[in-house]
1. In region 353-362, how many are part of a strand (DSSP E or B) and over 14 Å from ASN201 (Cβ atoms)?
2. For the subset of region 75-125 comprising residues that are among the aromatic types (Phe, Trp, Tyr) and touching a residue at least 40 places away in the same chain (Cβ under 8 Å), which member is farthest from TRP245 (Cα to Cα)?
3. Can you tell me which of (1) open to solvent by less than 30 Å² (accessible area, probe 1.4 Å); (2) within 11 Å of ligand 1 (Cβ to nearest atom); (3) touching a Pro at 6+ places or on another chain (Cβ under 7 Å); (4) outside any loop (DSSP other than H, G, I, E, B) is the one ALA51 doesn't meet?
4. List the number of the failed condition for TYR276; all other conditions in (1) within 30 Å of VAL366 (Cα to Cα); (2) in contact with a Lys or Arg (Cβ under 9 Å, 6 or more places away or on another chain) hold.
5. Looking at the structure I just gave you, is ARG88 touching a helix residue (DSSP H, G or I) at 6+ places or on another chain (Cβ under 9 Å), within 16 Å of ligand 2 (Cβ to nearest atom), more than 22 Å from VAL327 (Cα to Cα) and of a type in the set (Lys, Arg)?
6. So the check is Cβ under 9 Å with 6+ separation or different chains; which pairs have a first residue in region 421-433 that's polar (S, T, N, Q) and a second one that's exposed (fewer than 13 other Cβ atoms within 10 Å of the Cβ) and in a helix (DSSP H, G or I)?
7. Which of the helices (runs of 4 or more DSSP H) found entirely inside region 271-352 contain at least 2 residues meeting this: more than 25 Å from ILE153 (Cβ to Cβ) and in contact with a helix residue (DSSP H, G or I) (Cβ under 6 Å, 6 or more places away or on another chain)?
8. Is there a residue in region 237-259 that is part of a loop (DSSP other than H, G, I, E, B), more than 23 Å from ILE21 (Cα to Cα) and open to solvent by 40 Å² or more (accessible area, probe 1.4 Å)?
Amino acid sequence: MPKQNYAITVAGGGSTFTPGIALMLLEEMDRFPIRKITFYDNDADRQEIVAKACEIYFKENAPEVEFGYTTDPAVAFTDIDFVLAHIRVGKYAMRELDEKIPLKYGVLGQETCGPGGIAYGMRSIGGVLEILDYMETYSPDAWMLNYSNPAAIVAEATRRLRPDSKILNICDMPIDLEEKMAHMVGLKSRKEMQVGYYGLNHFGWWHKIYDSQGNDLMPEIKEHMAKNGFADAISDTNQHVDESWKHTFQKARDVYAVDPETIPNTYLKYYLFPDYVVRESNPEYTRANEVMEGREKMVFGACKEVIEKGTAADCGFEADAHATYIVDLARAIAENTMERFLLIVPNEGALENFDSTAMVEIPCIVGSRGYEKICQGAIPQFQKGLMEQQVSVEKLTVEAWIEGSYQKLWQALTLSRTIPSASIAKNILDDLIQANKDYWPVLS
Ligand code: NAD
Ligand code: LMR
């Protein structure tokens, strides 16, 4: 792709993250010039609130950028270079059920982990594939940067069903944690570190961390982890700041203690300490409630205020500094920067003693021809055992979606470390089927 002014479509235009990402794109225009931004969503009313506010902001701050929003795929996906996809199929109403149904049975309820993640995956696969297909129909040369969750299941579905598509699946959790680790050792940015990492999405470990002179940073980071997990480090994200996240960063100390040779992703707490998570949960008030009353209200409140006042001046809109990795990734493709990212990609030997067909999260070099994987060698028995079980959950979920198989989805739930027995798995599954009848394929 030659250097030019790029055209971007944001899929999930009504997302709580959209204003922050749109403003971030404007702030990064000197690195990544944009001629057109289009928001696309399948919920016209929700999107309109975010889009009208952003339209006002764009008119005031970047009139040279053509801005539009639509629910028409032909309009949204024609003549574009990149799709940034962050959809939530079923929105917060369904996230709340994903979290609360398992808790009825004493099993943790989480957005991407355990039964909640499986339920969300069964909803997301179709939505993400649909957007990918629109992009390929209307702009066959474009790339999709996908950070819609649950990324592990979505990525496995794209591997199975669209293996040749131009999609990169990426997660921002490792980015936030790397920012925290850089801060622990006194570096300004994660970009001053070089890391080795292996795992599945929301299920991985750092096994090497060096600074740009090649000094080993692991000993110092380990000291912090042993004392306080990620809790004593800050980062520039305003995404993971609520009370529940503070507990998660603190709990990483106990997750770290299980394997002090590596630094864990915070999401491992759900798999290694599910009993603790259930004890700490309030079945009447889960993370979905926290976000609906927090981020969602705040973002939509700010958007409505901009629309009412007719100006975005002093509106409190903020660019999402943390999301600049999206621009880094788009530039890597557009301008062949060959930068390193953790991506979710087919293993194919990068972890030599692990299923070659698994979608693994590992460092990759990204350029205009896509990515090249950086081999991480053989993984230890502990991680291998956990990952084999979890990757089977993810594969069975995707197979259940493709085949409409009740049996496979029951097996997926039964295999999840978060669920103690096949009978509890069945009870949860039957409730989830009822709750998701507008979204899941029919299972038999
Ligand atoms: P949200 O509910 O505020 O926004 C999602 C939007 O997607 C909604 O406006 C909804 O109408 C729209 N949508 C749903 N299905 C669609 C479809 N089939 N086609 C088009 N639009 C559709 O959700 P949010 O909290 O802003 O999160 C958005 C997504 O971003 C989620 O998947 C979330 O998990 C993900 N996320 C990913 C990362 C990451 O780095 N991987 C970080 C944070 C959030
Ligand atoms: C969110 O809604 O912020 C999620 O994507 C992650 C979380 O905070 O639970």
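1. 0
2. Per the stated criteria, the residue is PHE77.
3. (3)
4. (1)
5. no
6. What qualifies is ASN427/LYS104.
7. Values: elements: 274-280, 287-291, 297-309, 324-335.
Output list reads 297-309.
8. Taking region 237-259 first, the residues part of a loop (DSSP other than H, G, I, E, B) are 237-242, 259.
Applying the additional criterion that residues be more than 23 Å from ILE21 (Cα to Cα) yields 259.
Applying the additional criterion that residues be open to solvent by 40 Å² or more (accessible area, probe 1.4 Å) yields none.
There is no residue in region 237-259 that is part of a loop (DSSP other than H, G, I, E, B), more than 23 Å from ILE21 (Cα to Cα) and open to solvent by 40 Å² or more (accessible area, probe 1.4 Å).
The values are calculated or read from the model by the stated rules, or taken from the named source; none is laboratory data. Keep in mind that what you see is a predicted model, and the values were worked out from it rather than measured. Heads up, the Cβs are rebuilt from the backbone with ideal geometry, glycines too, and the neighbour counts pull from every protein chain shown. For accessibility, only protein heavy atoms count, side chains too; no ligands or nucleic acids. Shrake-Rupley method; radii C 1.70, N 1.55, O 1.52, S 1.80 Å.
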